[in-house]
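The values are calculated or read from the model by the stated rules, or taken from the named source; none is laboratory data. Everything numeric in this text was worked out from a predicted model, so none of it was measured. Neighbour counts are summed over all protein chains in view; Cβ atoms, including those assigned to glycine, are modelled from backbone coordinates with ideal geometry. Accessible surface is based on the protein model in full, side chains and every heavy atom, while ligands, DNA and RNA are left aside. Shrake-Rupley method; radii C 1.70, N 1.55, O 1.52, S 1.80 Å.
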Amino acid sequence: MRSIVILISGRGSNMEAIVRAAQAENWPVSIAAVISNRADSAGLDFARQHGIATAVVANKDYPTRELFDTALRAVIEGFTPDLVVLAGFMRILTTPFVEHYAGRMLNIHPSLLPSFPGLATHRQALAVGVKLHGATVHFVTPDLDHGPIVIQAAVPVLSTDSEEVLAERVLQQEHLIYPRAVRWFVEGKLRLDHGRVHIDPSAEQA
């Protein structure tokens, strides 16, 4: 059985989707902990209600990014995870931290990478008039929002869309593809080898 730790900063809706899918589909996984950099993260309450250990490592308590990452890594390692899942974790992680979890840390980004890395992705998509937008699950590397892609989902961009409406349509897809990618990993059907993603063909057909 694999063990995962999920990092959040806010409501943790993708974390919720992963927890619910793991329970409903009986994944061979232990969700060891949900960790936030904010004590007021709503997602912590959801985790506690589902019997999952929680922890807070507040970035405001550390004067540098390096010190924060060191403290965060120490807490994560206390749960000995096979996979670290970033689910709306709003911190840029240092290169040593990312390299420590190379090949075993996933993130979801609300765009069809490599388009629109960074923040305000829905505003960027509307501003340039793309016809398709979406979400991407990728392995985390030191290059922000540019890691090897695991799975993507596309949604149409409509002429009537606001940022909020488009964001909600994308979020619905995030809640489908992120649990799928995490399940592939915990079932041994997803791996990263020399920068290339390998997915068992049976997983992609499921």
Does the stretch 142-166 hold any residues that are outside any strand (DSSP E or B), open to solvent by 40 Å² or more (accessible area, probe 1.4 Å), closer than 30 Å to Trp184 by Cα and not charged (D, E, K, R), and which are they? Pro142, Leu144, His146, Val165
Tell me, yes or no, whether the stretch 87-97 has at least one residue that is hydroxyl-bearing (Ser, Thr, Tyr), in a loop (DSSP other than H, G, I, E, B), open to solvent by less than 30 Å² (accessible area, probe 1.4 Å) and over 27 Å from Lys189 (Cβ atoms). yes
Of all residues being over 20 Å from Gly43 (Cα atoms) and among the aliphatic types (A, V, I, L, M) in the stretch 56-86, which is most open to solvent (accessible area, probe 1.4 Å)? Just the residue, please. Leu67
Among (1) surrounded by 19 or more Cβ atoms within 10 Å (Cβ to Cβ); (2) touching a residue at least 24 places away in the same chain (Cβ under 8 Å); (3) under 23 Å from Val197 (Cα atoms); (4) not acidic (Asp, Glu), which single condition is Ala125 missing? (3)
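Each row is one residue, and each column tells you yes or no for (1) in a strand (DSSP E or B); (2) surrounded by fewer than 20 Cβ atoms within 10 Å (Cβ to Cβ); (3) in contact with a Gly (Cβ under 8 Å, 6 or more places away or on another chain).
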position	(1), (2), (3)
Val5	yes, no, no
Met15	no, no, yes
Ser30	yes, yes, no
Gly43	no, no, yes
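Conditions (1) acidic (Asp, Glu); (2) farther than 30 Å from Asp69 by Cβ, marked per residue:
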residue: Pro114; (1), (2): no, no
residue: Gln124; (1), (2): no, no
residue: Ala154; (1), (2): no, yes
residue: Val165; (1), (2): no, yes
residue: Glu168; (1), (2): yes, yes
residue: Phe185; (1), (2): no, no
Would you mention how many residues in the stretch 171-206 are open to solvent by 70 Å² or more (accessible area, probe 1.4 Å), basic (Lys, Arg) and under 21 Å from Ile6 (Cβ atoms)? 3
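For every residue, the table says whether it meets (1) in contact with a Leu (Cβ under 9 Å, 6 or more places away or on another chain); (2) modelled with pLDDT of 95 or more.
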| site | (1), (2) |
| --- | --- |
| Thr136 | yes, yes |
| Phe139 | yes, yes |
| Asp145 | yes, no |
| Pro148 | yes, yes |
| Glu174 | no, yes |
